[in-house]
Amino acid sequence: MTASNAFAGFAGEEREHLGEAPHAHAHVDPLAAVRSSADPPWDVYLTGTVFLDIIFTGLDTAPVRGTESWARGMGSSPGGVANMATALARLGLRTSLAAAFGDDHYGEYCWDALEQGEGIDLSASRTVPGWHSPVTVSMAYEGERTMVSHGHEPPPEEPAPDCPPRARAAVASLTPGKRAPWIAQAAGEGTRIFADVGWDDTGAWDLAGLADLEHCEAFLPNAEEAMRYTGADSPRAAAHALAEHVPVAVVTLGSEGAYAVDRRTGESAEVPAIAVEALDPTGAGDVFVAGFVTGTLAGWPLADRLAFAGLTAALSVQEFGGSLSAPGWAEIGAWWRRVQSVTGQDPAALRRYAFLAGLAPQEPLTAWPRRRAVPTIGFGRSA
């Protein structure tokens, strides 16, 4: 029995059990064993565009032209690069974000949610006068999502600083045919670069066009992207082909899990997905990358990194929104306690996640954080 099948029996129950202390800080530092006085100030640096995401869930079908659809659920949250930043911060990494924020209420909400609610450093970010925040409306139905976005490019000097702050790692989204100067600068300072890539609208799918890949330690495309860039006839063959261009290639396989190749060690690993009942898949890919970055910086084996990344992504799709759904150690600990309590659980599946035993909180948390981002705009917070 695979891990995905072994853990499927309680997938529909997880939201109830994880609700014991949703998104409470567990004060877990996954890098505690590797920290020293010579460390850079930040574990991870990111730059990119912050969107205001408005998410509708509980739609039975896609909206039909000329009709009005009602959703059973709704949430609002910072989106775009904020998904990744929040996921990293909730996993205990010291996270710095350089982004442009509009000077409207949406921008104020996103800034406050990230800085005050999530503890993300925004000293490299800017508020741009007269620029309104980009907005995305996401509609989730039948396990998929449809999005409509609106926004304008910020002024060219925003938001990335001239020199990125020192960090253990940085996460970048590569753009075909374009270099991002900050990537080479950060890599030159010893920052480990983890990269993903979006859909190539040009249709070229030219791996040589991803010029900044030469600065990256790891590249994490999905199966379709990996096969198109390499011309391989399977995701696993594509991962091996990509490993000729980057030290670590990780290919996500959707419901089949993920496959990775480490060129430096010759190691490969595959971990099946955990079956879950998805409420909203927004941002799951970002959460997966955050989990893999966390495990890499902590020095975990390749298979453990894949398993942890897949677990965090699986937990995220059971809540609203791309950023506010990202799990913290409270949710991870609750999952680990729950999965061990299910009678008849496959021992092999449990052994795959046994590395959590020394990390995840063993008892439910009772203390809530003083401030935490809320899934809508305009509500006050209790102290």
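The values are calculated or read from the model by the stated rules, or taken from the named source; none is laboratory data. Keep in mind that what you see is a predicted model, and the values were worked out from it rather than measured. Neighbour counts are summed over all protein chains in view; Cβ atoms, including those assigned to glycine, are modelled from backbone coordinates with ideal geometry. Note: areas computed on protein heavy atoms with side chains; ligands, DNA, RNA excluded. Shrake-Rupley method; radii C 1.70, N 1.55, O 1.52, S 1.80 Å.
Give me a count of the residues in the range 181-224 that are within 20 Å of residue 293 (Cα to Cα) and either of a type outside the set (Gly, Ala, Ser) or touching a Phe, Trp or Tyr at 6+ places or on another chain (Cβ under 8 Å) (or both).
Result for the range 181-224: 23.
Could you tell me whether any residue of the range 236-253 is open to solvent by 20 Å² or more (accessible area, probe 1.4 Å), modelled with pLDDT of 95 or more and at positive phi?
No: the range 236-253 contains no residue that is open to solvent by 20 Å² or more (accessible area, probe 1.4 Å), modelled with pLDDT of 95 or more and at positive phi.
Kindly indicate whether residue 318 is modelled with pLDDT of 80 or more and surrounded by 15 or more Cβ atoms within 10 Å (Cβ to Cβ).
Spelling it out, it is not the case that residue 318 is modelled with pLDDT of 80 or more and surrounded by 15 or more Cβ atoms within 10 Å (Cβ to Cβ).
Keeping to the range 210-232, report how many residues are in contact with a Leu (Cβ under 7 Å, 6 or more places away or on another chain) and open to solvent by less than 30 Å² (accessible area, probe 1.4 Å).
Matching residues across the range 210-232 total 7.
Could you check, for the range 200-209, whether at least one of its residues is within 27 Å of residue 101 (Cα to Cα) and either open to solvent by less than 30 Å² (accessible area, probe 1.4 Å) or not β-branched (Val, Ile, Thr) (or both)?
Scanning the range 200-209, I find at least one residue that is within 27 Å of residue 101 (Cα to Cα) and either open to solvent by less than 30 Å² (accessible area, probe 1.4 Å) or not β-branched (Val, Ile, Thr) (or both), so the answer is yes.
Could you give every pair whose Cβ atoms fall below 7 Å, whose first residue belongs to the range 66-79 and is farther than 22 Å from residue 326 by Cβ, and whose second residue is open to solvent by 90 Å² or more (accessible area, probe 1.4 Å) and of a type in the set (Phe, Trp, Tyr), counting only separations of at least 6 or pairs across chains?
That search, which allows pairs on different chains as well, returns nothing.
How many residues, within the range 159-199, are among the β-branched types (Val, Ile, Thr) and either modelled with pLDDT under 90 or open to solvent by 30 Å² or more (accessible area, probe 1.4 Å) (or both)?
1
Scan the range 107-158 residue by residue and report those that are in contact with a helix residue (DSSP H, G or I) (Cβ under 8 Å, 6 or more places away or on another chain), surrounded by fewer than 20 Cβ atoms within 10 Å (Cβ to Cβ) and among the polar types (S, T, N, Q).
127 - this is the single residue of the range 107-158 that is in contact with a helix residue (DSSP H, G or I) (Cβ under 8 Å, 6 or more places away or on another chain), surrounded by fewer than 20 Cβ atoms within 10 Å (Cβ to Cβ) and among the polar types (S, T, N, Q).
Has the range 372-383 got any residue that is out of contact with any His (no Cβ under 8 Å at 6 or more places or on another chain), at pLDDT 90 or above and not aromatic (Phe, Trp, Tyr)?
The answer is no; no qualifying residue exists.
Inside the range 176-277, counting only helices (runs of 4 or more DSSP H) that do not spill past its ends, which hold 1 or more residues that are closer than 22 Å to residue 314 by Cβ?
223-230, 235-242
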